[in-house]
């Protein structure tokens, strides 16, 4: 497990709410007796008979065509080894989640408790009619070769062992581009593959199929070079044995152009790398720690191009770049198998995507990174929305061209639009913000530093690369908690500050007194607040520029925390303070304001809230469409209480803002395209994504109601309007929630630093 993660956090993530990461949801209404009679008896008999007459009809009347089984026996799980079928279930569920997240494919996990290949094959074979495709996962070699080959022969649906071919496809795509950048051709270079397991052999087979001469690839295992004179080789290794006098990995790498590592940490030494050819290409893909790190390689080979399996380095060889979209194309073309032509098509499509100009929304998600074709960008990023519309069509076309597509795609443009609609546009928002913060790390103050959850969050904040952490609390208590959690008490980047004995106390007390002396506070009152109140001390740290942002709130009432902070932190000039809740579902993101601060906003405040929220939405990659909500729609019915909204609209008209808005309107009209079309004069071209509520009661109730029954995730309320980034978390927030609030606080620093990209018409 990465050091940035604590075992307790992982267990909490998987157990919170409904245990696991998957559930079944109906796609048809089941609210009336008629619905039930259609869904089950007697109506269900009709599609059953149609399928009996024509088995292909199962694709029309069931979920078969969009369902992939993720199947394992648990014999080679991650870096954990043979842990058994049941213990592999969290991994298989995770793979199914990725299928849904990236390609809208319904994955279902199956764990088969046998190490006998024949028994495994028979178990899957008799169930094969159930699914549109099969993703084999975490099965040890050589059994994985046998299982995949035989199931592909026995079944008429795609069978794909991702540990083999997924890795091979992504790595081959990166290699194509690295060869291009270093002015090499695909048939004129020498290569070493260290690791002769499933992935290593698959890499060699794919590269051979793409035109790399077999004798140009030297494969090594734990016993050295796989050469023709060796007698201890199985049939899969022997297929890649070549005639060579080289016997060790070091000898093989001497003068080699390319090194693929699919082995273990540290397998590539600096001495080995020194002897490679000029401009060496090194793919160190061992997880979680590569055969050699980029820092180690660049120290002795600054001319190298390197890729790893890690997300904290450029050029990540990540299988999620491949398998969701490969299966998407295979399912849509109703392919009977995933053949070599389809794998090559996916490889070439992925390679070509990296050579295209990176659109703004992708660049924004990885702010600060060099996302243009070159040594640091030979493989697209996992959250590039173009992956599904690039790889899936290429795979579907290859399936048709090679004769394995049972339903070839006929309208390419229509298919492209359908793929784009499948993409979850909003779920990547947190990832985008996280990437921006990692590229611009911030020092975060965690005010409740003696709490175990806060401590774990502070450590994860630092170790994940978001920046340094400051824990506020008594040093002895904080250190005791750190040790009980098994964390490193001397970790650089995590600082402990005791408000009572801080060297900054006098300065902070003077600062606070200068703010509060005309509000009835004596100097001794301010000294006491600094010494005894963690919120006041933490807020002073941020206010005086000694840290970038602050989070608090897990141990005290929200409004008590807010009162503490308002004493220290000013509101931004020409802004107002309010709470913004963000509702994220699979299909849309909604911004709801004000959910925490202003009881009954005036018309002027409603307009201000609308503008500030639009600014926040734009900073998060959304095109603002603002609805000022009421119980009425454009004066119908005419009742007392809507004047503020009418006036707010007039204020927005005068400010000449550059986003869509309208009101007053009811929530259903604002969110439903068909209802909105009943009002053709509306200023909204599409349903709203920003809901400005008429009062605190309605906003708070709506946000919390959506959080409980809305079928998505509600983030917030997030405070906006303070001159410094401060966020108040709900009481009892877990580590993941604490980190989200901290990420949003740090992201606000970035927003505040940009003065040329604001929606403001004052």
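Rule-based calculations on the coordinates, nothing more; no lab input. All values derive from a computational prediction rather than experimental measurement. Note: ideal-geometry Cβ built from the backbone for every residue, glycine included; neighbour counts use all protein chains shown.
If you fit an axis through the alpha-carbon atoms of helix 412-422 and take the longest principal axis of the Cα set of the chain, what angle between them do you get, 0 to 90°, nearest 10? On a 0 to 90 degree scale, this one is about 50.
Here the Debye sum runs over all C-alpha atoms of the chain as equal scatterers in vacuum, and log10 of I(q)/I(0) at q = 0.05 Å⁻¹ comes out as -0.31. Take every pair of alpha-carbon atoms less than 8 Å apart whose residues are at least six positions apart; their mean separation over the length of the chain yields a relative contact order of 9 percent. Diffusion coefficient (Stokes-Einstein, Kirkwood radius over C-alpha pairs, 37 °C, 0.692 mPa s) for region 1-153: 185 µm²/s, rounded to a whole number. Cβ crowding within 10 Å ranks 720, 589 as 589, 720, fewest other Cβ atoms first.
With R₀ set to 30 Å, the beta-carbon distance separating residue 532 from residue 600 gives a calculated FRET efficiency near 0.30. In this simple spin-label approximation, residue 303 and residue 574 carry label points 7 Å from Cα along the Cα→Cβ vector, and these lie 5.5 nm apart.
Quote the FRET efficiency, to the nearest 0.05, computed for residue 386 versus residue 312 with a Förster distance R0 of 25 Å and r equal to the Cβ-Cβ distance. Rounded to the nearest 0.05, the efficiency is 0.65. Taking the C-alpha atoms only, the angle from helix 198-209 to the longest principal axis of the chain is near 70 degrees. Counting other Cβ atoms within 10 Å as a rough exposure proxy, the listed residues 118, 594 run 118, 594 from fewest neighbours to most. I need the calculated FRET efficiency for the pair residue 115 and residue 149, taking r as the beta carbon distance and R₀ as 22 Å, to the nearest 0.05. Approximately 0.80, to the nearest 0.05.
Stretching residue 701 away from residue 501 to a fully extended chain increases their span by 67.8 nm, per 0.36 nm per residue minus the current alpha-carbon distance. Arranged from fewest to most other beta-carbon atoms within 10 Å of their beta carbon, 276, 444 become 276, 444.
Based on Cα contacts under 8 Å between residues 6+ apart, region 494-614 shows a relative contact order of 17 percent.
Of all beta bridges that DSSP places with both ends in region 185-278, some 20 percent have antiparallel geometry. Averaging sequence separations of C-alpha pairs under 8 Å and six or more residues apart, then dividing by the length of region 432-566, give the relative contact order as a whole percent. Contact order relative to length: 27 percent. Backbone N atoms of region 545-570 closer than 18 Å to the 7 Å Cα→Cβ label point of residue 525 belong to residues 560-570. Shape class for region 578-721, computed from the alpha carbon gyration tensor (a ≥ b ≥ c): rounded, with a/c under 1.5. Subtracting the Cα-Cα distance of residue 46 and residue 656 from 0.36 nm times their residue separation leaves 213.7 nm of extension gain.
Just to confirm the number: angle between the C-alpha axis of helix 643-655 and the first principal axis of the chain, 0 to 90 degrees, nearest 10? In the chain, helix 643-655 runs at an angle near 70 degrees to the longest axis. Were the residues from residue 185 through residue 411 laid out at 0.36 nm apart, the gain over their Cα-Cα distance would be 77.9 nm.
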